[in-house]
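Read the figures in this text as sums done on the coordinates, not as results from a lab. Quantities reported herein were computed from a predicted structural model and do not represent experimental measurements. Neighbour counts run over all protein chains shown; Cβ positions are idealised from the backbone, glycine included.
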Amino acid sequence: MAEKILIIGACGQIGSELTYKLRSIHGNDNVIASDINYSNLDVVNSGIFEIVDAQDYGSILLCVEKHRIDTIYLMAAMLSATGEKYPMKAWDLNMSSLFHVLNLAKAKFISKIFWPSSIAVYGPTTPKDHTPQHTIMEPSTVYGITKQVGERWCEYYFDKYDVDVRSMRYPGIISWKTMPGGGTTDYAVEIYHKAITDGHYESFLSEETELPMMFMDDAIDATIQIMNAPAEQLSIRSSYNLAAISFTPKDIAEEIQKHIQDFKITYKPDFRQDIADTWPRSIDDSVAQKDWNWTPKFDLTKMTDEMLTELGKKYATEK
Ligand code: SER
């Protein structure tokens, strides 16, 4: 029987593209998209879609039994910036959804889980450059705390209950199909939109704020690769460091100016600057490279080409 996949949080930035990619690999009927509402009609109309509340065990179980799901990708989460506004909501959503999915696997309703962690697991005391896989982790955002605790629970469920849960620490993800929501790295998506629509962007991070980032295609490839890797090759059952590119708002603006000469950027750091200042500048992902042959394809130049080309087409057809 074909593997049946459920994506929870399929309307979001990463969940939506994961849905399209998994459907192209496994076939439309084998990939069930789900979310708490119908907020992304492209996803809703692209195949089987169910309303699932990630905070409600019964709601997930119902969908799992109805579609005889084997594998869950849990992509629902409250990100760093929104999490600072609603700390308890972030805690509740990020932790209860993970426990529900881990417990479904423990009870053998499903056999495999993907759960993303984040560079937000790191904090002000972490070495900032080429941050190693194993290092000091004292996150100072609610989002980071939920991801760090989540990693501990993933490893615990693997060790104690043999739950096949796989995870990686995504850097900021840049894409053109679906907007990110509520993250500190969102500027790196907004800037491309504003470059095309306004010719100007006011950055909420300062010009020298360097953060680890990745183009969506690489993030999706990494996710598929870790899920396809033979279990015995995975030496990390908390979460893998994952890296592609690091840049500052100034670097990205200069790259955009190669395409749009009169593009202007100004800087007005807000509360998200304080979050960014606690995160690494670059990540050492040598363990992911060794364990499952991870290697990214997009650098800043290639990503900027693609972002401006695709967004240019999108805005041209919307006119
Ligand atoms: N992109 C996320 C955020 O900014 C980090 O994982 O919150």
For this session: Starting at the first residue of the stretch 64-80, write each ³J(HN,Hα) from the Karplus equation 6.51 cos²θ - 1.76 cosθ + 1.60 with θ = phi - 60°, in whole Hz, x for Gly and Pro.
Result: 4, 6, 4, 9, 6, 6, 9, 10, 10, 9, 9, 9, 7, 6, 9, 7, 5
Exercise. Which length gain, in nm to one decimal place, applies between residue 3 and residue 202 when the Cα-Cα distance is subtracted from 0.36 nm times their residue separation?
Worked result: 67.1 nm
For this session: Determine, from the Cβ-Cβ distance of residue 68 and residue 319 and an R0 of 51 Å, the FRET efficiency 1/(1 + (r/R0)^6), rounded to the nearest 0.05.
Result: 0.70
For this session: Pull up all non-local amide H partners of residue 118: gap of 5 or more, or a different chain, and H-to-H distance under 5 Å with H placed in the peptide plane.
Result: 170
Exercise. What does the helix-only formula give at 222 nm for the chain: each DSSP H stretch with n ≥ 4 adding -39500 (n - 2.57), the total divided by the residues, and the result rounded to the nearest 500 deg cm²/dmol?
Worked result: -13500 deg cm²/dmol
Problem set entry | the stretch 19-36 - phi-based ³J(HN,Hα) in whole Hz, Karplus 6.51/-1.76/1.60, Gly and Pro as x | 4, 4, 5, 5, 5, 5, 8, 9, x, 4, 6, 9, 10, 9, 8, 8, 7, 6
Seminar exercise, completed: Simple spin-label estimate for residue 261/residue 138, 7 Å along Cα→Cβ, in nm, reads 5.1
Exercise. To the nearest 0.05, what FRET efficiency results for residue 295 and residue 41 with a Förster distance of 25 Å applied to their C-beta separation?
Worked result: 0.10
Problem set entry | Label-point separation, residue 51 to residue 25 (7 Å along Cα→Cβ), nm | 3.0
Exercise. So how strong a dipole does the chain carry about its Cα centre when Lys and Arg Cβ are +1 and Asp and Glu Cβ are -1, to the nearest 20 debye?
Worked result: 580
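Taking 8 Å as the Cα distance limit and 6 or more residues as the minimum spacing, I'd like the relative contact order of the chain as a percentage.
Averaging sequence separation for qualifying contacts and normalising by length gives 18 percent for the chain.
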Exercise. Against the longest principal axis of the chain, how steep is helix 300-318, in degrees 0 to 90 to the nearest 10, with axes from Cα atoms?
Worked result: 90
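Take every Cα pair under 8 Å in the stretch 137-284 that's 6+ residues apart, average their separations, divide by the length, and report that relative contact order as a whole percent.
The normalised contact order for the stretch 137-284 reaches 35 percent.
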Exercise. In whole Å, what is the distance between the alpha-carbon centres of the stretch 1-64 and the stretch 214-259?
Worked result: 22
For this session: Return, ordered by residue number, the residues of the stretch 211-242 whose backbone nitrogen is under 19 Å from a label point located 7 Å along Cα→Cβ of residue 130.
Result: 211-213, 241-242
Exercise. Given the chain, what percent of its DSSP beta bridges are antiparallel, to the nearest 5?
Worked result: 10
